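The values are calculated or read from the model by the stated rules, or taken from the named source; none is laboratory data. None of these values were measured; they are calculated from a predicted model. Cβ placement follows ideal geometry from the backbone for every residue including glycine, while neighbour counts extend to all protein chains displayed. Surface accessibility is based on the protein's heavy atoms, side chains included, excluding ligands, DNA and RNA. Shrake-Rupley method; radii C 1.70, N 1.55, O 1.52, S 1.80 Å.
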Amino acid sequence: MFSLNSNYLKLKAGYLFPEIARRVQEFITTNPSQADHLIRCGIGDVTEPLPLAVREAMHVAVDEMGSRSTFRGYGPEQGYDFLRRAIQQSEYAARGIPIAEDEIFISDGSKCDGGNILDILGAHPSVALMDPVYPVYVDTNVMAGHTGNAREDGSYEGIVYLECTPENHFIPSLPQRRVDLIYLCYPNNPTGAVASHQALRAWVQYAREHQALLLFDAAYEAYIQDKTLPHSIYEIPGARQCAIEFRSFSKKAGFTGVRCAFTIIPKELLALSATGEKKPLHALWHRRFTTKFNGVSYITQRGAAAIYTPEGAAQVQALLDHYIGNAAILREAVIAAGLTVYGGVHAPYLWVKSPQGETSWQTFDRFLHDYRIVITPGSGFGRAGEGYFRISAFNSRENILEVVKRLSSC
Ligand SMILES: *Cc1c(COP(=O)(O)O)cnc(C)c1O
């Protein structure tokens, strides 16, 4: 009989969000009158409407589809020129970063790109991940057969876990042994930490010395408040030779449901072939894209491009200010409640220490029962997340102010 990809059988059942849903449901069943009072500060999804400029651009694009002379069929697989040019100019050239338009690949999400990128890399790379971690990096490597089996604590054999703690400001130390792939995410989900030029320089230097590849997830770069902090890994000299960058409109402009993102593969980025020659990854990703993908819809790309118009940019900034404002309000309330908080300044997430002696899940249960607030237990993001919880600032201002009231009243 034909066989299946047994690597999938190594995956631990999705535990975190189903378990949160189960506990919330149980609470509602026993406290039905409280169901409407629950505030969800758990899931990392945006809540506020799509900017007007984006919607207007999409309406126009829909109407273009309604006329034979402006109808669009298959578009360029790598993305329309108008969007790639806008990205090149606004995200890179404006910051003095040398990225060419044809190094930008428009896709339907960073989650997909982050998983798909393994298609063009060799078999059996050694992989280093931050702990706590965005689970997609782990699971896609399990699926690709880059790990051993899961251990009791949910970690996988063969993966190098890089601990992120308050002591290292959630920027891990360089790996003890050589690795091929290193996933970095700044500003970080879940810890809300941000990386300085100096911190990223150390990683670029490591990657170049050890011929490793950095997979840099900058999904939250738009939340950076301090103008001196790097938004892109390519602000670090030498990164073009060792890094791939993932960007997304999801958290920047409320696109989680619309779906649009982009990935940068510099042409200087080389990898070793089976015959020992160094070859550019750009050509492989281009080939993969044109073979397995037919591009993001014209309507969506028009919506994304509207972010780079003056009106669009102002509306996106208002959206970001809303979430960053929420995070600032939450930070004060959590500190006033006597808790130790990290993040929430350059990211929409606060990473909070559970009170002494409490596990992440114990804090989760207490917040659910005492405050009717749903948070995310840190242990769900990895072993180093135990004893922490994540509060998301993705919410209405009304809900955030209600959270503040509840935290101060108990
Ligand atoms: C939300 C998020 C993304 C964006 O994923 P999309 O597929 O573009 O919606 C990427 N990385 C991290 C860490 C995220 O939290």
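Evaluated on region 1-124, the Kirkwood hydrodynamic radius is 20.4 Å, with distances taken between all distinct Cα atoms. Projecting label points 7 angstrom from Cα along Cα→Cβ for Ser408 and Arg383 puts them 4.1 nm apart. A Cα-only calculation for the chain places Rg and Dmax at 21.7, 68 Å. In region 1-57, the portion of solvent-accessible area held by carbon and sulfur atoms comes to 58 percent [1.4 Å probe, whole percent, DNA, RNA and ligands not counted]. For trypsin sites (Lys or Arg not before Pro), the sites in region 52-86 that DSSP calls loop and that have at most 11 other Cβ atoms within 10 Å are Arg68.
The candidates Thr275, Thr191, arranged from most to least accessible area with a 1.4 Å probe in the full protein assembly, appear as Thr275, Thr191. Straight Cα distances below 20 angstrom link Lys12 to the aspartates and glutamates Asp131, Asp139, Glu152, Asp153, Glu157, Glu386, with same-chain residues fewer than 8 positions distant left out. Please go through region 342-410 and write out the GluC sites (Glu not before Pro) that DSSP classes as loop and that have at most 16 other C-beta atoms within 10 Å. Passing sites in region 342-410 are Glu358. Simple spin-label estimate for Lys12 and Arg95 gives 3.3 nm between the two label positions (7 Å along the Cα-to-Cβ direction from each Cα).
DSSP finds beta bridges in region 56-309, and of those with both partners inside it, around 45 percent are antiparallel.
Cross-link partners for Lys227 among the lysines, with Cα-Cα distance under 18 Å and sequence neighbours closer than 8 places in the same chain left out: Lys252. Note on region 117-217: Rg/Rh from C-alpha atoms, Kirkwood Rh, equals 0.94. Once the Cβ-Cβ distance between Gln211 and His37 is put in as r, and R0 is 41 Å, what FRET efficiency do you end up with, to the nearest 0.05? Between Gln211 and His37 the formula returns 0.15. Taking each residue as 0.36 nm, the span from Glu56 to Leu270 lengthens on full extension beyond its C-alpha to C-alpha distance by 72.9 nm. In summary, region 307-410 shows an alpha-carbon radius of gyration equal to 1.16 times the 2.2 N^0.38 Å reference for compact globular proteins. Annotation: extensible slack from Asn399 through Ala337 equals 20.6 nm (criterion: 0.36 nm per residue apart, minus Cα-Cα distance). If you filter region 186-293 for GluC sites (Glu not before Pro), then keep DSSP loop positions with at most 16 other Cβ within 10 Å, what is left? For GluC sites (Glu not before Pro) across region 186-293 that sit outside H, G, I, E and B with at most 16 neighbouring Cβ atoms in 10 Å, the list reads Glu268, Glu277. Here Lys10 is the anchor, and the lysines within straight C-alpha reach of less than 29 Å, apart from those fewer than 8 places off in the same chain, are Lys111, Lys292.
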